[in-house]
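Below is one structure; the comments refer to it alone.
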Amino acid sequence: MGYRQAAVLTSVSFFLGVLFICLNVDYRILFTPLSDSTVRDGIEFYTTFYNSPPAIKALLHSVMGVGLLGLLGKLHKWDDSAMFFDGSSLAAYIFSLAVYLTVGIPACRTVADPVPDVDTHDDQVEALRILSAGNTIIIVLLGAILTLQARARYYRYDDERCCAAGEQWARRVEAKILQQAATSEQTQKSATAVGGDGDAAESKKDK
């Protein structure tokens, strides 16, 4: 596994871990009857997340960039694996970034820092649902990226195995051809020697 592959897997796994933590809140918001305690827990959780220190936000965005650079770097070798697996992974990663930028950040801002006299409590609840749905979509996309990367690795392994088997078969065929050529040459020499002895015997008989 190279550095580019490690960058992609590390980035995707890191964000899956973060989103699975958020899933503890998102699951109750999306798939259980919405109660006041659930809404309160969701608002408190995402308010804490939104008001985190700048270093944490910088770390998150840096890891995003590492994953994107890793996928772009894997496309420098444009073969079938890069076209189908890495290209699809890059598309899924960009789509997940788009969901984060266009859905996650605005919804989190509405939940954690509502505009006075504009954003009501109902708006916060709706933003909380949208944020949870966006996180779930990103989880699915990142899971798809891991699946595609695993398939790409298996494809490369299978291709290398087929190439090794082909080379081994070619070496066997080459060795067999050389052996047949050597046998044919030896037979030809033997026939030539026998023919020479016969000619000598006939010459003596004529004398």
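The values are calculated or read from the model by the stated rules, or taken from the named source; none is laboratory data. Everything quoted here is computed from the prediction, not taken from an experiment. Note: ideal-geometry Cβ built from the backbone for every residue, glycine included; neighbour counts use all protein chains shown.
I'm trying to understand the selection: among the residues of segment 27-38, which are outside any helix (DSSP H, G or I) and of a type in the set (Ser, Thr, Tyr)?
Thr32, Ser35
Select from segment 24-38 the residues that are of a type in the set (Asp, Glu) and surrounded by 15 or more Cβ atoms within 10 Å (Cβ to Cβ) and list them in ascending order. Spell out how you get there, then give the answer.
Quick first cut of segment 24-38, residues of a type in the set (Asp, Glu) only: 26, 36.
Of everything in segment 24-38, just one residue is of a type in the set (Asp, Glu) and surrounded by 15 or more Cβ atoms within 10 Å (Cβ to Cβ), namely Asp26.
When the residues of segment 97-138 are narrowed to those that are among the acidic types (Asp, Glu) and outside any loop (DSSP other than H, G, I, E, B), which ends up nearest to the chain's Cα centre (by Cα)?
Selected residue: Glu126.
Check Ser11 against each of (1) in contact (Cβ under 8 Å) with a residue 24 or more places away in the chain; (2) among the hydroxyl-bearing types (Ser, Thr, Tyr); (3) more than 16 Å from Ile139 (Cβ to Cβ) and name the one condition it does not meet.
So the condition that Ser11 fails would be (3).
Hey, can you tell me all the residues within segment 2-23 that are among the small types (Gly, Ala, Ser), exposed (fewer than 15 other Cβ atoms within 10 Å of the Cβ) and under 14 Å from His76 (Cβ atoms)?
Gly2
Of everything in segment 39-90 that's acidic (Asp, Glu), in a helix (DSSP H, G or I) and modelled with pLDDT under 85, which residue is surrounded by the most Cβ atoms within 10 Å (Cβ to Cβ)?
Step one: of segment 39-90, the residues acidic (Asp, Glu) are 41, 44, 79-80, 86.
Add one more test, that the residue is in a helix (DSSP H, G or I), and what stays is 41, 44, 80, 86.
Now restrict to residues that are modelled with pLDDT under 85: 80, 86.
Values: Asp80: 10, Asp86: 27.
Per the criteria, the residue is Asp86.
Which ones in segment 36-58 are over 18 Å from Phe15 (Cβ atoms) and small (Gly, Ala, Ser)?
Ser37, Gly42
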